[in-house]
1. Which distance in Å, rounded to a whole number, links the C-alpha centroids of segment 299-350 and segment 66-141?
2. Please compute the length gained on full extension between residue 333 and residue 69, using 0.36 nm multiplied by the number of residues separating them and subtracting their Cα-Cα distance.
3. First measure r as the distance between the Cβ atoms of residue 275 and residue 234, then evaluate 1/(1 + (r/R0)^6) with R0 = 41 Å and state the FRET efficiency to the nearest 0.05.
4. Assigning unit charges at the beta carbon (Lys, Arg +1; Asp, Glu -1) and nothing else, what dipole magnitude in debye, to the nearest 20, does the chain show about its Cα centre?
5. What does the helix-only formula give at 222 nm for the chain: each DSSP H stretch with n ≥ 4 adding -39500 (n - 2.57), the total divided by the residues, and the result rounded to the nearest 500 deg cm²/dmol?
6. Treating each Cα of the chain as an identical point scatterer and ignoring solvent, apply the Debye formula and state log10 I(q)/I(0) at q = 0.10, 0.12 Å⁻¹.
7. Just how much of residue 134 is accessible, in Å², when a 1.4 Å probe is used and the result is rounded to the nearest 10?
8. Roughly speaking, what is the stretch gain from residue 98 to residue 302, that is 0.36 nm per residue apart minus the C-alpha to C-alpha distance, in nm to one decimal?
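The values are calculated or read from the model by the stated rules, or taken from the named source; none is laboratory data. Just so we're clear, the structure is a prediction, and the values are computed from it rather than from any experiment. Using ideal geometry, Cβ is built from the backbone for each residue, glycine included, and neighbour counts are taken over all protein chains shown. Heads up: the accessible areas ignore ligands, DNA and RNA and are worked out on the full protein's heavy atoms, side chains in. Shrake-Rupley method; radii C 1.70, N 1.55, O 1.52, S 1.80 Å.
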Amino acid sequence: MSASLPPIGMLAEITHRCPLQCPYCSNPVELLKANRELDTRTWLDLFDQAADLGVLQVHLSGGEPTLRRDLEQLIAGLAARGVYTNLITAGVGIADGRIEAFAEVGLDHLQLSFQGARAETTDRIGNHGGSHEKKLETARRARAAGLPLTINAPIHRHNIEEVPEFIELALSLGAERLEIANVQYAGWALTNRDALMPDREAVDRQGEIVEAARERLTGIMNIDFVTPDYFATYPKPCMGGWARDAFMVAPDGAVLPCHAAQTIPSLAFERFGARTLAGIWNDSPAFNAFRGTDWMQEPCRSCERREIDWGGCRCQAMAIAGDAAATDPACVKSPIHARMAALIDEARHAAEGAPADVPFVHRRIGTVVDM
């Protein structure tokens with residue numbers, strides 16, 4: 001199957017380098033070093049081709065994208081093409097005047113992650129002392145520069161009880177949007193799954209808190225809630241559906257349908273430069289492997305939700321079912337849906353026998369974890 005519609009969104013992972021070492025990071029367990037990153041000219045060429053292809057918004061991420069000294073040039077290049085830019089940052093170590101420079105060259109929005117609503121949680125999860133105060137300062141500088149602000153809160157066992165505080169934190173910082181993003185288990189997060197998985201009761205409480213806050217803050221702040229797959233009844237459409245309307249590019253130029261696509265061993269992904277972006281989007285065998293619905297097995301093939309969730313997450317099917325074409329185990333109709341509950345129970349039992357300060361496998365460049 002070839003693409004019938006152009007993509008509208010792109011996630012550009014311009015570096016894997018990062019001052020934080022978050023154990024829930026969705027980047028691959030083998031992180032790319034700086035010498036494997038695309039150079040400025042190649043990124044600008046890629047962005048031009050993305051705009052020509054129909055991309056309307058680009059999310060600049062990493063790692064920590066502000067570690068790229070050419071970030072202002074990249075933002076300016078996208079702005080010159082009329083592409084909406086969102087900078088996804090940890091907000092740590094950004095030099096004075098740089099946020100203002102981003103705004104001046106055309107940045108449209110800043111998304112700032114907090115590992116905790118409390119300083120001690122932020123510092124522990126990111127494995128970086130003093131990071132919470134630096135994030136608060138980044139938020140203040142972004143608002144002073146006139147940038148719209150989203151606060152991103154990746155939720156797991158060690159901060160799920162701080163959800164009410166995350167809501168108040170986002171309000172206090174003048175954020176227009178708060179994303180309560182329950183951790184999805186890929187990359188480093190999969191390595192740390194037992195240490196990160198929350199209890200079912202905590203997830204239920206969280207849902208009630210968020211729903212009440214949404215009602216209370218209507219017209220004041222938008223709250224997006226990313227449901228944790230392991231606790232779901234039905235899966236989410238991954239990236240809007242495999243290669244349906246968005247894609248991502250890794251630091252080395254590998255063009256992917258989603259973050260964890262390279263965990264599917266049967267697929268080979270092409271790098272930008274050897275081929276045009278349009279050629280990859282339209283004709284790559286990897287992009288066409290799970291595009292649309294023709295690839296689906298039963299019960300997905302005849303399911304009334306097949307064009308709602310587009311089969312859910314192929315990488316999750318690979319990780320849990322051992323078959324990327326299988327029904328996403330998050331779906332209640334999957335023959336192995338019970339495996340999700342078993343994994344939740346396994347994590348709970350592991351937590352009951354572990355000390356409160358059990359160490360994470362922290363994210364580090366050059367570290368390869370045996371899965």
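1. 35
2. 90.2 nm
3. So the FRET efficiency works out to roughly 0.70.
4. Roughly 440 debye, rounded to the nearest 20.
5. After summing the helix terms and dividing by residue count, I get -9500 deg cm²/dmol.
6. With one equal scatterer per Cα and no solvent, log10 I(q)/I(0) is -0.63, -0.94.
7. 90
8. Difference between extended and current length: 68.2 nm.
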